[in-house]
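One structure is given below, encoded as structure tokens.
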Amino acid sequence: MQRVSRWWHGRREIPALWFLRGYVVLLLAVPAQLILRPLGAPGTLANMVGLGGLLWWCGARIAGLTPRSPSPVRLLLGVAFAAVLVSYAAGSLAGWYAPSNMRQGTDDVWTLVFPTVDQVHGAMVAAADRGLLSFAAWLGIALLTLDGLRSWRDLDLLVRWLCWVSAAYALTGIYQFYTGTNLASYVRVPGLSANAAVGASLTRSVLERVSSTATHPIEFAVFLACVLPFALHLAIYRTRRRDVVPVIMIGFAMPLAVSRSGILAAGVALLIMFCYWPSARRRRALMLAPAVVVLLRLAVPGLVGTIYSLFASLATDPSVTGRTEDYGVVLALYRDQPWFGRGLFTFVPGYYRILDNQILMLLLELGMVGLLVVLLLYVGASGSALGARRRAVAARDSHVSLAIAAGIVGMLVASVTFDAWGFAQAGGLTFLLFGMAGAASRLSYEDRAAARVEARAEARPLETAGVRHG
């Protein structure tokens with residue numbers, strides 16, 4: 001640990017915290033549709049930073065400059081990367097094809113001319129390459145967060161930064177809702193080009209669904225839902241009055257996307273927070289909740305009713321029935337390569353169909369083995385964060401660990417109704433949360449070890465005095 005300390009405290013070194021702050025800004029400030037064209041969809045500025053982070057972490061690891069303590073999250077990240085590599089090889093060896101029964105009524109524009117075998121193969125090879133690049137970038141962010149945050153203060157500063165940048169992200173969504181103008185459409189970055197329309201509007205009922213710089217309103221809502229526990233943490237343990245602003249901005253903007261997935265993720269994340277809160281805080285939350293609903297209803301007439309109808313009409317909602325109709329056709333394709341899949345990102349909607357279910361997508365792309373590994377990663381990361389909550393010495397550190405676990409579980413639940421890894425911001429946040437969980441776990445163990453050393457140091461003079469007295 002002395003070598004790690006010298007590395008981090010060197011005057012000429014750039015702390016990982018600053019690197020991660022830059023990543024958060026690029027992830028949210030630059031629309032995900034703006035890419036470096038030769039790299040395709042993974043060529044976002046945030047992913048370029050993630051790949052740089054992976055190279056940085058590998059170099060530091062080889063040089064022995066990262067913590068060597070075992071970490072379940074680090075191990076699971078490595079196993080997940082191995083599963084992605086194995087699925088890439090399995091898809092390349094077995095090849096790909098596009099069954100005719102994959103077509104959907106809504107996909108007819110894409111499939112007026114059925115693709116040839118060579119066209120499918122070329123598209124799938126490119127898609128598999130994109131999957132490797134995206135996962136490598138996310139892995140770099142997770143590992144750099146896990147081993148690069150050197151103290152609870154660093155973790156707290158990253159959380160504060162994430163909350164405030166997300167508040168600005170939410171504010172652009174609020175502006176879009178009331179003016180009809182998405183500021184993301186005005187963002188231009190030299191060297192980057194758009195692979196899809198930036199700032200396009202969608203509606204549900206009579207309400208415009210906001211997206212800010214996200215690719216889709218669902219991504220906007222899910223991202224804010226998983227950051228909401230951190231905003232609550234910042235408001236509860238605020239050091240300045242303005243620290244309540246992020247929770248207000250995020251809490252107000254998230255429902256404006258009118259997304260079932262976002263509401264579901266927020267509900268699950270807040271439920272986890274609520275279950276672990278002390279009774280006094282639970283009572284305050286129960287008293288505040290009705291007032292929040294009333295204020296939301298007054299601020300945006302029709303919004304609460306529209307959100308209620310999303311869940312009240314589940315049995316007849318076309319978006320729900322469309323998801324369930326995917327199961328039979330998709331599982332038939334899964335049986336062709338059941339164990340290791342066909343390669344991450346190779347279930348391309350243009351050749352198959354839109355699949356709003358990340359769990360089902362992983363089953364197809366990584367196989368049963370890969371899906372189980374990824375689920376273990378979610379469970380292991382959230383479990384590590386909850387373990388850090390128990391071990392942490394300070395109440396603030398314990399609570400931020402709880403917020404990390406809540407965000408991870410919220411993202412996992414949203415993945416059942418949303419293909420989270422197919423969206424740059426949602427995928428980036430997921431792996432940032434994995435890294436934060438690993439960092440919290442490591443820091444809590446270091447706290448325990450330091451407490452034991454301190455206890456032994458305090459006990460030694462007493463033992464010496466006892467011997468002398470005897």
Give the residues of segment 428-470 that are of a type in the set (Val, Ile, Thr) and modelled with pLDDT under 90, sorted by residue number. VAL453, THR464, VAL467
Among all residue pairs at least 6 apart or on different chains, which show Cβ distances below 7 Å where the first residue, located in segment 416-438, is without any contact (Cβ under 8 Å) to a residue 60 or more places away in the chain and the second is part of a helix (DSSP H, G or I)? VAL416/ILE359
Looking for something over 24 Å from ILE35 (Cα atoms), outside any helix (DSSP H, G or I), of a type in the set (Val, Ile, Thr) and without any contact (Cβ under 8 Å) to a residue 12 or more places away in the chain - is there at least one such residue anywhere in segment 189-203? yes
Please pick out the residue among ALA221, ALA170, ALA269 that is more than 20 Å from VAL413 (Cα to Cα), in a helix (DSSP H, G or I) and under 18 Å from the mean Cα position of the chain (by Cα). ALA170
Collect the residues in segment 364-419 that are under 13 Å from the mean Cα position of the chain (by Cα) and at positive phi, keeping them in residue-number order. none
Do you know which of the residues in segment 204-216 that are at pLDDT below 80 and either in a loop (DSSP other than H, G, I, E, B) or aromatic (Phe, Trp, Tyr) (or both) is surrounded by the fewest Cβ atoms within 10 Å (Cβ to Cβ)? VAL206
From (1) under 27 Å from VAL329 (Cβ atoms); (2) in a helix (DSSP H, G or I); (3) of a type outside the set (Asp, Glu), pick out the condition that doesn't hold for THR417. (2)
Of (1) surrounded by fewer than 23 Cβ atoms within 10 Å (Cβ to Cβ); (2) out of contact with any Asp or Glu (no Cβ under 8 Å at 6 or more places or on another chain), GLY180 fails just (2)
In the set ALA280, ALA291, ALA231, the lone residue that is more than 19 Å from LEU386 (Cβ to Cβ), touching a residue at least 60 places away in the same chain (Cβ under 8 Å) and of a type in the set (Gly, Ala, Ser) is ALA231
Please count how many residues of segment 344-395 are part of a helix (DSSP H, G or I) and under 30 Å from LEU93 (Cα atoms). 21
Taking segment 1-41 as the search range and keeping residues that are small (Gly, Ala, Ser) and either assigned to a helix (DSSP H, G or I) or in contact with a His (Cβ under 8 Å, 6 or more places away or on another chain) (or both), which one is modelled with the lowest pLDDT? SER5
Here is a list: LEU54, LEU76, LEU65. Which entry is closer than 13 Å to VAL373 by Cα and either in contact (Cβ under 8 Å) with a residue 40 or more places away in the chain or outside any helix (DSSP H, G or I) (or both)? LEU76
Segment 143-167 - residue that is part of a helix (DSSP H, G or I) and among the hydroxyl-bearing types (Ser, Thr, Tyr) and, of those, nearest to ALA395 (Cα to Cα): THR145
Tell me the residue from THR316, THR324 that is among the β-branched types (Val, Ile, Thr), outside any helix (DSSP H, G or I), surrounded by fewer than 16 Cβ atoms within 10 Å (Cβ to Cβ) and at pLDDT below 90, please. THR316
Of LEU183, LEU162, which residue is under 23 Å from ALA439 (Cβ atoms) and touching a helix residue (DSSP H, G or I) at 6+ places or on another chain (Cβ under 6 Å)? LEU162
Residue in segment 362-372 that is at pLDDT 80 or above and out of contact with any helix residue (DSSP H, G or I) (no Cβ under 7 Å at 6 or more places or on another chain) present: yes
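Yes or no, residue by residue, for (1) surrounded by fewer than 18 Cβ atoms within 10 Å (Cβ to Cβ); (2) within 27 Å of GLU219 (Cα to Cα):
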{"site": "ARG238", "(1), (2)": "yes, no"}
{"site": "VAL245", "(1), (2)": "no, yes"}
{"site": "ILE248", "(1), (2)": "yes, yes"}
{"site": "ALA253", "(1), (2)": "no, yes"}
{"site": "LEU256", "(1), (2)": "no, yes"}
{"site": "MET287", "(1), (2)": "yes, no"}
{"site": "PRO290", "(1), (2)": "yes, yes"}
{"site": "LEU298", "(1), (2)": "yes, yes"}
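The values are calculated or read from the model by the stated rules, or taken from the named source; none is laboratory data. Nothing here was measured: the structure is a model prediction, and the numbers come from that model. A quick note on method: Cβ atoms are made from the backbone with ideal geometry, for glycine too, and the neighbour counts reach across all protein chains shown.
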